[in-house]
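Everything below concerns the one structure shown next.
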Amino acid sequence: MAPNQEEGAYAPDSKINHAASINYWSSLPSTESNMLGMLGTYPWYTRIELQGSKNFLSKVRRLVPAISGKFNQGVDCGAGVGRVTEGFLRHVCEVVDAVEPVEKFTKVLQEGKLKEDGVLGDVYTVGLESWFPVKKYDLIWTQWCVGHCTDSQLIDYVARCRDALTENGLMVVKENLSTDPLGQDMFDDEDSSVTRTDAKFKQIFEAAGMEVIKSEIQTGFPKNFKLLPVKSYALRPKV
């Protein structure tokens with residue numbers, strides 16, 4: 001059964017409104033100095049979160065012996081103003097493209113230090129649901145943005161990424177997980193997004209022809225903040 005098929009029009013992802021999402025994110029500050037702003041009132045979060053990504057990727061790379069040294073071509077999907085690329089991807093990739101639907105964020109990217117340093121490659125001002133890769137990537141990093149895609153859009157997006165990977169390429173999806181007591185996806189009216197369950201993500205990856213070669217819950221966040229769990233999935237095309 002396809003994801004949400006049993007829930008029909010009442011599925012949380014059916015409430016997603018792309019225009020509302022863009023309006024919400026466009027209302028946030030976009031200055032390069034406010035690179036942490038997308039993490040709300042928890043600026044300490046970024047240090048812990050980025051270290052978790054570094055550790056996870058290191059573990060994944062040991063599972064694919066053919067990968068050594070820096071990735072040649074990466075892409076940061078849901079790039080915002082470049083927090084993940086600046087703090088992490090630039091250290092593991094020679095060049096990083098960016099996919100980001102909010103124009104004022106991509107403007108910061110194109111005028112900022114990442115571009116000056118030669119780290120930033122092509123910038124695509126478009127949502128994931130409308131991004132069709134025109135090149136091959138060694139690493140496709142997708143973080144905190146797939147909640148703005150419906151289930152069917154996300155399946156199609158992951159399938160396109162599968163076809164855009166190099167022979168030894170990796171795709172990583174890092175997202176919050178639903179904590180709904182009934183085990184359902186959760187819709188957020190504020191930014192018009194869905195927070196999915198672990199089971200739903202696995203269904204979507206399976207439907208898109210991807211295999212989860214490793215997954216891991218992010219650790220290190222203070223428990224007293226009661227933040228949503230964050231999970232990383234490393235994906236490779238099914239054989």
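The values are calculated or read from the model by the stated rules, or taken from the named source; none is laboratory data. This one's a predicted model, so the numbers in the text were calculated from it and none came from an experiment. Accessible surface areas use protein heavy atoms only, side chains included; no ligands, DNA or RNA. Shrake-Rupley method; radii C 1.70, N 1.55, O 1.52, S 1.80 Å.
From the phi angles alone, apply the Karplus equation (6.51, -1.76, 1.60; θ = phi - 60°) to segment 231-239 and give each ³J(HN,Hα) in whole Hz, x where the residue is Gly or Pro.
3J(HN,Hα) across segment 231-239, in whole Hz: 10, 9, 10, 9, 10, 9, x, 5, 10.
Run down the aspartates and glutamates and flag those whose C-alpha is under 14 Å from the C-alpha of residue 174, throwing out any fewer than 8 positions away in its chain.
Straight-distance partners of residue 174: 49, 76, 198, 216.
Could you go through segment 162-179 in sequence order and give the Karplus-derived ³J(HN,Hα) for each residue, using 6.51 cos²θ - 1.76 cosθ + 1.60 with θ = phi - 60°, rounded to whole Hz, and x for Gly and Pro?
4, 6, 9, 7, 5, 3, 10, x, 10, 10, 10, 10, 10, 8, 5, 10, 5, 10
Residues with amide H under 5 Å of residue 126's amide H, sequence separation 5 or more or different chain, H placed in the peptide plane at 1.01 Å from N; which?
100
Step through the table entries 113/136; 54/223; 15/200, compare each Cα-Cα distance with 19 Å, and write down the pairs that go over it.
Flagged as over cut-off: 113/136; 54/223.
For a test of the definition: using alpha carbon positions, the gyration tensor, and the 1.5 limit on a/c, classify segment 84-198 as rounded, prolate or oblate.
Since a/c reaches 1.5 and a/b is larger than b/c, the shape of segment 84-198 is classed as prolate.
For segment 118-133, take each phi angle, set θ = phi - 60°, evaluate the Karplus expression 6.51 cos²θ - 1.76 cosθ + 1.60, and give the result in whole Hz per residue in order, putting x for glycine and proline.
x, 7, 7, x, 6, 10, 10, 8, 7, x, 4, 5, 10, 8, 10, x
Just to confirm my numbers, what's the Cα centroid distance between segment 102-161 and segment 165-226 in Å?
Here the answer is 18 Å between Cα centres.
Just the accessible area per residue of the chain, please: how many Å² with a 1.4 Å probe?
47 Å²
Counting only protein heavy atoms and using a 1.4 Å probe, what share of the accessible area of segment 75-231 belongs to carbon plus sulfur, as a whole percent?
48 percent
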